[in-house]
Amino acid sequence: RQWESIKAYSDIEFEFFEGIAKITINRPKVYNAFRPETNMEMLDAIDICRERSNIDVVVFTGKGDKAFCSGGDQNVKGIGGYVDEDGVPRLNVLDLHKRIRELPKPVIAMVNGYAIGGGHVLHIVCDLSIASENAIFGQTGPKVGSFDGGFGSSYLARHVGQKKAREIWFLCQKYSAKEALDMGLVNNVVPLDKLEDKVVEWCKVIQEKSPLALRMIKRCLNAELDGQHGLMQLAGDATLMYYLTEEAQEGKNAYCLTLPMITEMLSKAQ
Ligand code: 2NE
């Protein structure tokens, strides 16, 4: 499979293959932990995915065979949070979560190892998760002075239920890929050497489906949890579809027809 680079970055790889965009966190020495710059790069890549009409599905993964992502890079954690190269504590990770949910295209987490802490939340916010058999899941927040009370808790609870979500956050234990599958945390588990094949196979099945229907179903599923923001996104797409109706065209045509009349009236008035 020949992946072509879309754009070069320092912390991620961003590649394309037959309508599929793959974003790989490329920091294997720290088990693909993210720093503020990593998230800025992923935000840029996801914006490109939104704009490019030849991208149908987006895949997130981590470099190597050890980790999908181990969350916030503890080496840059300072007072006030994770510090960027300008000394500003600004992780940008919640922006990434919002953008993944807003992206009107399916996003798949290809979990190739540890999905821990913020790395676990990253797979939670993706639309689908396909894991390798060696993948290990869990939250560490309360063990390391942190927590994610956003999608990392509420959306997790939608996947596995409130009791299990509280267990995951309160006990900070690790769960195998099989346990993750059994509790509804992931969609599928395959051997590591078959992981990308399985993800591409699912992408191909998705790519045969109507993009607008997929976009709308993602919006509808999001709206339930995302409150006014979710309704706004859904309403935006409802307007998009309304614009395609004859009724909406009538409004535009009426405006175009009356404009010359108004111009004529104005010229007569002078
Ligand atoms: C992932 C895990 C369980 C792996 O354990 P193990 O024993 O297999 O590997 P090891 O030796 O711990 O890690 C391998 C290398 O990766 C680095 C380690 O320091 C080690 O480096 P070397 O000693 O070989 O040089 N590494 C791993 N995770 C890292 C990280 N997050 N930042 C920097 N370096 C990291 C084990 O490594 C683990 O538990 N990692 C920490 C997971 C964690 O607590 N993440 C942060 C949670 S909080 C968060 O993500 C967050 C937030 O605070 C706020 C908002 C959003 C997210």
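May I ask you to list the residues in segment 1-28 that are more than 16 Å from the ligand (Cβ to nearest atom) and assigned to a loop (DSSP other than H, G, I, E, B)?
1, 2, 3, 9, 10, 18, 19
Mind counting the residues in segment 132-176 that are in contact (Cβ under 8 Å) with a residue 60 or more places away in the chain and closer than 16 Å to residue 67 by Cα?
Here the count works out to 4.
When residues of segment 179-217 are filtered for being in contact with a helix residue (DSSP H, G or I) (Cβ under 8 Å, 6 or more places away or on another chain), closer than 30 Å to residue 65 by Cα and part of a helix (DSSP H, G or I), how many remain?
1
For (1) touching an Asp or Glu at 6+ places or on another chain (Cβ under 8 Å); (2) farther than 20 Å from residue 125 by Cβ; (3) not basic (Lys, Arg), each residue gets a yes or a no:
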| site | (1), (2), (3) |
| --- | --- |
| 188 | no, no, yes |
| 219 | yes, no, no |
| 226 | no, no, yes |
| 229 | no, no, yes |
| 233 | yes, no, yes |
| 264 | no, yes, yes |
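With segment 29-131 as the region, which helices (runs of 4 or more DSSP H) entirely inside it contain at least 2 residues that are within 12 Å of the ligand (Cβ to nearest atom) and surrounded by fewer than 21 Cβ atoms within 10 Å (Cβ to Cβ)?
93-102
Would you mind finding the one in 149, 184 that is on the phi > 0 side of the Ramachandran plot and surrounded by fewer than 14 Cβ atoms within 10 Å (Cβ to Cβ)?
On inspection, the qualifying residue turns out to be 184.
Listed residues 30, 59; which is among the hydrophobic types (A, V, I, L, M, F, W, C) and within 15 Å of the chain's Cα centre (by Cα)?
Only one candidate qualifies: 59.
Coordinate-derived values only; no laboratory data. Everything numeric here is computed off the predicted structure, so don't read it as measured data. For neighbour counting, all protein chains shown are included, and Cβ atoms are generated from backbone atoms with ideal geometry for every residue, glycine included.
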